[in-house]
Amino acid sequence: MSTDPLDLPIFTDLDADTEEPGGREEGRVRSAFRYPAPAETSPAPAPPLRLLRPAPAQLPAPVSSRVVGLVVIPDVDWELVARMRTEVARRLAEQIGESRPDREAEQAEGAAIIRQVLEEDTAEEIVRVGQARSLAEHEVLAKAVSDAMFGLGRIQPLVDDDRVENIMIAGFNRVLVELADGTLWEIPAIAESDAELAELLERLASRSENPRSFTPASPSLHLVLPGGERLAGARDTARLSVVIRRHRIRKVSLDDLVEWGTISPTLAGFLAAAVKARLCIVVSGEQGAGKTTTLRALCAQIPRLEPVGTFESEYELFLHELPEQHAIVHAWESREGSGERLPDGQLAGSRTTAQQIIDSFRFNLGRQILGEIRGEEVWSMVKLMESGSGSISTTHAGSAEQTMRKLVTCAMEAGPQVSQDLASTKLGETVDLVVHIACDVVPGPDGSAGRKHRYVQEVLAVSPGERPRGYATTTVFARVPGACAVPDTIPEELRGKLAAAGFDLAGFEAEAAQSRLP
């Protein structure tokens, strides 16, 4: 039986490769940090851990490192790293002058300067202590300086680790890492101060492909990192707050969701037919439930040659990076703008999702995907669903029914001209299905660790309804405690469309009858 990549047990990433029975490398933990640990110095004891969930049995630490959960942190002189980064930045600025090399060329020049600075420092080290650094120590330092110069500094190794799903920071020295199985681990400081962390974020924001501002005057930051991770930052909190969400799985299908236990084969067939029948779908769930992954799987059902447009505040879907699955994807990302404000109050150069959607109507799109509904952009979703069928969006909600109520509230945020009656009527006319995802943390067999179980909890069909509600709902797939939803009722207005798209209505009815038995 295959394992859901979203549900990897915490124990599966141990290294079994040992030198000799009883040797010092026995039981080595594979480091979540990509810095290799120097091999010449003696092991450092693991510090006491304050775990938010039960810890696995204590594991021996590799040499010259500290174990935090299953993350191995090598010893690095961060003050030395900071000084080297400053020197490398100075020399690189002198070398490139007024030229504007692309990112790869700049990093290549920077790597050469890092080697040069390290060689000079190693020579000084020999004079000071009569001994050079080992090759392993040299590599550790070079990687740390490179990450400080071009990456996320001490955060970079966490971003590089496939087990890490979320990195949560409430000040430079209060950091939690959530692994794919749902366990949380507290790790040491990722900077020397909040000011240093803020400086790192300012640099990342200004150097991104879609530049953003992160200053006391602009205290909110939403950014896609070079590796595709989503970063959210805030300076108007008690401490500098940062959350980094890693999108570990980009190419995913409905068959994958079946294999992982997220949906049943019958539900997979239903969703495939719903996309083929060009029904308008809203995928809902709480934070981290797997909405984006499910949306990607639904999009995988769109014919490859059908032109697709995606609209996001920050790229998360990355359909435009899957040419083998989508031949043509026009991917729009909103832009904040900068400089003076225009007469309409917007910053020069800014582009909102609503403006981009208007532009998209000249792009001959077969399908339009609005990544996330958080507020009044729900009207953009309505416009897409009215203008062309088959649109798909996501939103945060606690249930399928709450999803509709939330969308009504979001629509009313557009202003007093939008009444509840207007909002609910429009949504009843445009939304066809709400697919709601739940996420439970299931304890391990020995109670020592948990793992996340993500599953589609229910599916509602939405249709126009009588006032004052304005819409009606039908439970197509019903809730089952702690398990994937089971067949219930398909409304008459959808049966013909689904049958024409190849859905097995008879099989659905048979399963529905079976699920109703006591």
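Report yes if residue 452 is touching an Asp or Glu at 6+ places or on another chain (Cβ under 6 Å) and in contact (Cβ under 8 Å) with a residue 40 or more places away in the chain, otherwise no. Spell out how you get there, then give the answer.
Details: touching an Asp or Glu at 6+ places or on another chain (Cβ under 6 Å): yes; in contact (Cβ under 8 Å) with a residue 40 or more places away in the chain: yes.
So residue 452 fits the description; yes.
What residue, of 79, 119, is within 12 Å of residue 142 (Cα to Cα), at pLDDT below 90 and surrounded by fewer than 14 Cβ atoms within 10 Å (Cβ to Cβ)?
Values: 79 fails: within 12 Å of residue 142 (Cα to Cα).
That would be 119, the only listed residue that is within 12 Å of residue 142 (Cα to Cα), at pLDDT below 90 and surrounded by fewer than 14 Cβ atoms within 10 Å (Cβ to Cβ).
Anything in the stretch 161-177 that is out of contact with any Gly (no Cβ under 8 Å at 6 or more places or on another chain) and either part of a helix (DSSP H, G or I) or in contact (Cβ under 8 Å) with a residue 40 or more places away in the chain (or both)? List them, or say none.
Of the residues in the stretch 161-177, the ones out of contact with any Gly (no Cβ under 8 Å at 6 or more places or on another chain) are 161-164, 167-176.
Those that are out of contact with any Gly (no Cβ under 8 Å at 6 or more places or on another chain) and either part of a helix (DSSP H, G or I) or in contact (Cβ under 8 Å) with a residue 40 or more places away in the chain (or both): 161, 162, 163, 164, 167, 168, 169, 170, 171, 172, 174, 176.
Is at least one residue of the stretch 132-155 touching a strand residue (DSSP E or B) at 6+ places or on another chain (Cβ under 7 Å) and over 12 Å from residue 84 (Cβ atoms)? Show your work before the answer.
Going through the stretch 132-155, the residues touching a strand residue (DSSP E or B) at 6+ places or on another chain (Cβ under 7 Å) turn out to be 140, 155.
When the remaining residues are screened for being over 12 Å from residue 84 (Cβ atoms), the result is 140, 155.
Yes, some residue in the stretch 132-155 is touching a strand residue (DSSP E or B) at 6+ places or on another chain (Cβ under 7 Å) and over 12 Å from residue 84 (Cβ atoms).
Is there any pair with a first residue in the stretch 85-103 that is of a type outside the set (A, V, I, L, M, F, W, C) and a second that is not in a helix (DSSP H, G or I) whose Cβ atoms are under 8 Å apart and which are 6 or more apart or on different chains, and what are they?
Listed pairs, sorted by first residue: 103/226.
For residue 313, all conditions in the list (1) under 25 Å from residue 228 (Cα atoms); (2) surrounded by 17 or more Cβ atoms within 10 Å (Cβ to Cβ); (3) among the small types (Gly, Ala, Ser); (4) touching a Pro at 6+ places or on another chain (Cβ under 9 Å) hold save one; what is the number of the exception?
(4)
Open to solvent by less than 30 Å² (accessible area, probe 1.4 Å), more than 19 Å from residue 258 (Cα to Cα) and among the polar types (S, T, N, Q) - does that describe any residue in the stretch 478-489? Talk me through it step by step, then tell me what you get.
Kept after step one, since they are open to solvent by less than 30 Å² (accessible area, probe 1.4 Å), are these residues of the stretch 478-489: 478, 484-485, 487.
Still in the running and more than 19 Å from residue 258 (Cα to Cα): none.
Scanning the stretch 478-489 turns up no residue that is open to solvent by less than 30 Å² (accessible area, probe 1.4 Å), more than 19 Å from residue 258 (Cα to Cα) and among the polar types (S, T, N, Q).
Kindly list, by first and then second residue, each pair from a residue in the stretch 351-366 that is part of a loop (DSSP other than H, G, I, E, B) to a residue that is open to solvent by 50 Å² or more (accessible area, probe 1.4 Å) and modelled with pLDDT of 90 or more, limited to pairs with Cβ atoms under 6 Å and residues at least 6 apart or on different chains.
From residues that are part of a loop (DSSP other than H, G, I, E, B), the pairs are 363/330.
Picking from 182, 233, 227, which residue would you name as being over 23 Å from residue 452 (Cα atoms), in a loop (DSSP other than H, G, I, E, B) and either modelled with pLDDT under 90 or within 18 Å of the chain's Cα centre (by Cα) (or both)?
Numbers: 182 fails: over 23 Å from residue 452 (Cα atoms); 233 fails: in a loop (DSSP other than H, G, I, E, B).
Within the list 182, 233, 227, the selection yields 227.
Can you tell me which residue is farthest from the chain's Cα centre (by Cα) among those in the stretch 427-469 that are modelled with pLDDT of 80 or more and open to solvent by 60 Å² or more (accessible area, probe 1.4 Å)?
Per the stated criteria, the residue is 466.
Scan the stretch 200-209 and give yes if some residue there is under 30 Å from residue 100 (Cβ atoms), part of a loop (DSSP other than H, G, I, E, B) and of a type outside the set (Gly, Ala, Ser), otherwise no.
Step one: of the stretch 200-209, the residues under 30 Å from residue 100 (Cβ atoms) are 200-209.
Then keep just the ones that are part of a loop (DSSP other than H, G, I, E, B); that gives 208-209.
Remaining after also requiring of a type outside the set (Gly, Ala, Ser): 209.
Yes - at least one qualifying residue is present in the stretch 200-209.
I'd like to know if the stretch 334-341 contains one or more residues that are basic (Lys, Arg) and surrounded by 15 or more Cβ atoms within 10 Å (Cβ to Cβ). Working first, answer last.
Of all residues in the stretch 334-341, those basic (Lys, Arg) come to 335, 341.
Now drop any that are not surrounded by 15 or more Cβ atoms within 10 Å (Cβ to Cβ), which leaves 335.
Yes, some residue in the stretch 334-341 is basic (Lys, Arg) and surrounded by 15 or more Cβ atoms within 10 Å (Cβ to Cβ).
Which ones in the stretch 244-274 are part of a helix (DSSP H, G or I), touching a residue at least 24 places away in the same chain (Cβ under 8 Å) and surrounded by fewer than 20 Cβ atoms within 10 Å (Cβ to Cβ)? Please lay out each step first, then the result.
Quick first cut of the stretch 244-274, residues part of a helix (DSSP H, G or I) only: 254-260, 265-274.
If we keep only those that are touching a residue at least 24 places away in the same chain (Cβ under 8 Å) as well, we get 254, 256-257, 259-260, 266-267, 269-274.
The answer is 259, and nothing else.
The values are calculated or read from the model by the stated rules, or taken from the named source; none is laboratory data. Since this is a predicted model, take the numbers as computed values, not measurements. Here the Cβ is made from the backbone with ideal geometry for all residues, glycine too, and neighbour counts use every protein chain on show. When the accessible area is computed, the model is the full protein with side chains, heavy atoms only, and any ligands, DNA or RNA have been set aside. Shrake-Rupley method; radii C 1.70, N 1.55, O 1.52, S 1.80 Å.
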